[in-house]
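Data block below; observations after.
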Amino acid sequence: MKGLLVRVGADQSSGGGHWNGPVDARTGKFVYVAIPETEPLLEGMEKPFLMVAKALGDFDWKLPPLLAWQHMHLDPDFDHLTYGDHGQRAKQIAGKVGPDDLLVFYAGLKDVRDSRHLVYAIIGLYVIEKILPAVRVPASQSDINAHTRRVLEADAEDIVVRAHTGVSGRLEKCLPIGEFRDLAYRVRRDLLEKWGGSTVKDGYLQRSARLPELKDADRFYSWFIRQNPKLIERNN
């Protein structure tokens, strides 16, 4: 088994919407808020940020005006158990993992009880069923992923990952994995040891063009299962 760590969700970068979704660090409950969409979409395929307004309301949070009237790049899409990507990250995924390997999604979330700090946490996991070019997804299934909702050229190199049902999805309660040390957010050292390490020096977690690989994905997955995670097939 192989595995990649994939950072997702709204964050403080320009591409991430300058915002973080909320989490209650005591309970693990969180709201999955995607990044803004920046490309043209097929007619009727828009996913407005207002779709998360109710879930945010449960935390007594509101979308910032900057995002309230934009559309989401809803990826991963836990409703459909898909994840899409393009460019170098797509090449990394297609070249390094395949059927029955892992994509582990993590995000930087804002603690509703202590907004001074981010909570870096695993929010979902896929056991991969298959990886295919986005242009090969039938038009009737265009709504399964953010990349198939886009207007794609015939030679587009975007990919779509489809995950096995029953063992994949969004976590009902996130699993915090990060801490701030050496001037950056990193995977906690005790977890790096339990997982068998990653290919990124000292567990670096902030955005990078290179996706961290799990050095021992079987060991990581055994740890993950021991956390008794509840996986759900919906975005919020």
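Just so it is clear, none of the values below were taken in a lab; they were calculated from the coordinates. Owing to the predicted nature of the structure, the values given are computational and were not obtained by experimental measurement. Every residue, glycine among them, receives a Cβ derived from its backbone with ideal geometry; neighbour counts consider all protein chains shown.
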Computed over the Cα atoms of the chain, what is the convex hull's projected area averaged over all directions, in nm²?
12.2 nm²
Specify the longest stretch of the chain that does not include any exposed loop site, a site being one of the GluC sites (Glu not before Pro) with a non-H, G, I, E, B DSSP assignment and at most 14 other Cβ atoms within 10 Å.
47-152
Given Cα positions, please report Rg to Rh for region 110-158, the hydrodynamic radius being the Kirkwood one.
1.22
Taking H placed 1.01 Å from N in the peptide plane, check which residues at least 5 places from K173 or on another chain put their amide H under 5 Å from its amide H.
K230
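What does the charge dipole of the chain about its Cα centre add up to, to the nearest 20 debye, if the Cβ of each Lys and Arg holds +1 and the Cβ of each Asp and Glu holds -1? List each step's numbers first, then the result.
Values: 33 positive and 32 negative charges, 158 e Å.
So the dipole magnitude of the chain works out to roughly 760 debye.
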Taking R0 as 22 Å and r as the Cβ-Cβ distance between L183 and T38, the FRET efficiency 1/(1 + (r/R0)^6), rounded to the nearest 0.05, comes to 0.15
Sort Y204, Y83, Y221, Y106 so the one with the fewest other Cβ atoms within 10 Å of its own Cβ comes first.
Y204, Y221, Y106, Y83
As an exercise, identify the trypsin sites (Lys or Arg not before Pro) in region 8-56 lying in DSSP coil whose Cβ has no more than 10 other Cβ atoms within 10 Å.
R26
Of 17-23, 195-201, ordering from highest average Cβ density within 10 Å down gives 17-23, 195-201
Residues with amide H under 5 Å from that of E129, placed H, sequence gap 5 or more
D100, R162, A163, H164
Estimated vicinal HN-Hα couplings, Hz - region 14-25 in sequence order (Karplus 6.51, -1.76, 1.60; Gly, Pro = x)
5, x, x, x, 6, 7, 10, x, x, 9, 9, 4
Violations at 19 Å Cα threshold for listed pairs K54/K230; K96/K130; K173/K215; K29/K54; K96/K173 -> K54/K230; K173/K215; K96/K173
Alpha-carbon centroids, region 146-212 and region 2-73: separation in whole Å
16 Å
